[in-house]
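Trainee: Just dropping this structure here.
The values are calculated or read from the model by the stated rules, or taken from the named source; none is laboratory data. As the structure is a prediction and not an experimental result, all values here were calculated from the model. When we count neighbours, we look across all protein chains shown, and the Cβ atoms used for this are built from the backbone with ideal geometry, even at glycine. Protein only, heavy atoms only, side chains kept; ligands, DNA and RNA dropped before computing areas. Shrake-Rupley method; radii C 1.70, N 1.55, O 1.52, S 1.80 Å.
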Amino acid sequence: MRIIRTKNYEDMSRKAAAIIAAQVIHKPDCVLGLATGGTPVGTYKNLVAWYNAGDLDFAEVKTVNLDEYRNLPREHQESYWSFMHRNLFDHVNIPADKINLPNGNNQDAEAECAAYDAVIASLGGVDLQLLGIGHDGHIGFNEPSDAFDLGTHCVDLTDETIEANKRFFNSKDEVPRQAYTMGTGTIMNARKVLMIVSGKDKAEIVKKAFFGPVTPQVPASILQMHPNFVLVADEDALSLV
Ligand code: F6R
C-alpha cells in the first residue's frame, strides 16, 4: 500500500488524474474501472482539461463502472450512467460502445450480474480501478457484512448509505434502495487500485480501513492486501493517522 498525502481536494484531484493519465499514456487500450460520487468529480475535471489541451487521448480506452442503482431510469439525472456522461464521457473521446455500466433496469438480477462479470472478463480484467470510500468503509456498494462478496451482485443499500446519498435527490424517499455492484473479488483482481479520499469526515474510516484489521465489516480494509494499491488522500482525510 502506498499513501500519497495531498494538501487539499484540488491537489488530490490533480494527483489522482495524473496517475490515471499515466495509465492511459502507458497503455492506450487500457481498461479503466471508474467510480461515481462526490470525490472523483475534480479528478474527471482534470482529465477533461488535459484531453482538451491535447495531452490525453481516450480513443482506445475501455471503461467499466463499479456500480449502478437498481430501478432508476438510465436517463434520471442521478443514475450513475448520467453522472458519468455529465462528468466525463460527454467531454472526452471514449467510444460509446466501449463504455460499460451495470444495467440497473434489468429485473433479472442474477442474469445482469453474470453478464457484467462476463463483460469484465471479456475485456481481460481491469487495469486501473478508481475508488472512493463510504463512511462505513464500503467500496463500490460492498457494504459491511460477514463475508467479502466476490463477483457482481445485487445489494440492499444500508440506511447510512441512503442517508449519505440523499443529498443528490429531492428527498430520502427518492433514493433507490438497491444497486448492482462489482464485488470485492473483482476489485481485488484489478491490476492497480487507486483510492481517492478527501475531508475530515473520512478521517475515522481511513484510519479503520488501512490501519486496523482486515475484515468484511470494513470492506475497504481488504485493499491492504492488494499488491498495487495507492491511496491518494488529503491532509484532512489523513488527520487521524
Ligand atoms: C461510487 C461508489 C461509492 C463511493 C462512496 C464515496 O461509484 O461506488 O463507493 O465511492 O460512496 O462517495 P463520495 O465520493 O460521494 O464520498
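Trainee: Using the heavy atoms of the protein chains alone and a 1.4 angstrom probe, what is the accessible area of segment 85-227 per residue in square angstrom?
Mentor: 44
Trainee: Over the alpha-carbon set of segment 154-213, divide Rg by the Kirkwood Rh and report the Rg/Rh ratio to two decimals.
Mentor: Value, to two decimals: 1.02.
Trainee: Sticking with this structure for a sec: Show Arg191, Arg167, Arg70 ordered by accessible area, largest first, where the area counts protein heavy atoms only and the probe is 1.4 Å.
Mentor: Solvent-accessible surface, decreasing: Arg167, Arg191, Arg70.
Trainee: Just grab the label-to-label distance for Glu60 and Phe211, each label 7 Å out from Cα along the Cβ direction, in nm (one decimal).
Mentor: Output for this residue pair reads 4.2 nm.
Trainee: Between segment 172-196 and segment 96-140, what is the C-alpha centre distance in whole Å?
Mentor: So the separation of the two Cα centres works out to 7 Å.
Trainee: Before anything else, pin down the relative contact order of the chain: Cα pairs under 8 Å, at least 6 apart, normalised by residue count, whole percent.
Mentor: 26
Trainee: Moving to a separate point now. For labels at Ala121 and Leu240 in the simple 7 Å Cα→Cβ model, what's the distance in nm?
Mentor: 3.9
Trainee: Rank Asp236, Asp90 by accessible area, highest first, at a 1.4 Å probe radius?
Mentor: If we order Asp236, Asp90 from most to least accessible, we get Asp90, Asp236.
Trainee: Now a separate question. With the cut-off at 18 Å, tell me which of the pairs Lys62/Lys192; Lys27/Lys98; Lys7/Lys200; Lys7/Lys208; Lys166/Lys200; Lys27/Lys192 have Cα atoms farther apart than that.
Mentor: Lys7/Lys208; Lys166/Lys200
Trainee: Could you rank His226, His138 by how accessible they are, 1.4 Å probe, largest area first?
Mentor: Result, largest first: His138, His226.
Trainee: Under unit Cβ charges (Lys, Arg +1; Asp, Glu -1), what dipole magnitude, rounded to 20 debye, does the chain have relative to its Cα centre?
Mentor: With Lys and Arg at +1 and Asp and Glu at -1, about 820 debye.
Trainee: With runs of 4+ DSSP H residues as the only contributors, calculate the mean residue ellipticity of the chain at 222 nm using -39,500 (n - 2.57) per run, divided by the residue total and rounded to the nearest 500.
Mentor: Calculated from helices alone, the mean residue ellipticity at 222 nm is -9000 deg cm²/dmol.
Trainee: Specify the longest stretch of the chain that does not include any exposed loop site, a site being one of the GluC sites (Glu not before Pro) with a non-H, G, I, E, B DSSP assignment and at most 15 other Cβ atoms within 10 Å.
Mentor: 76-234
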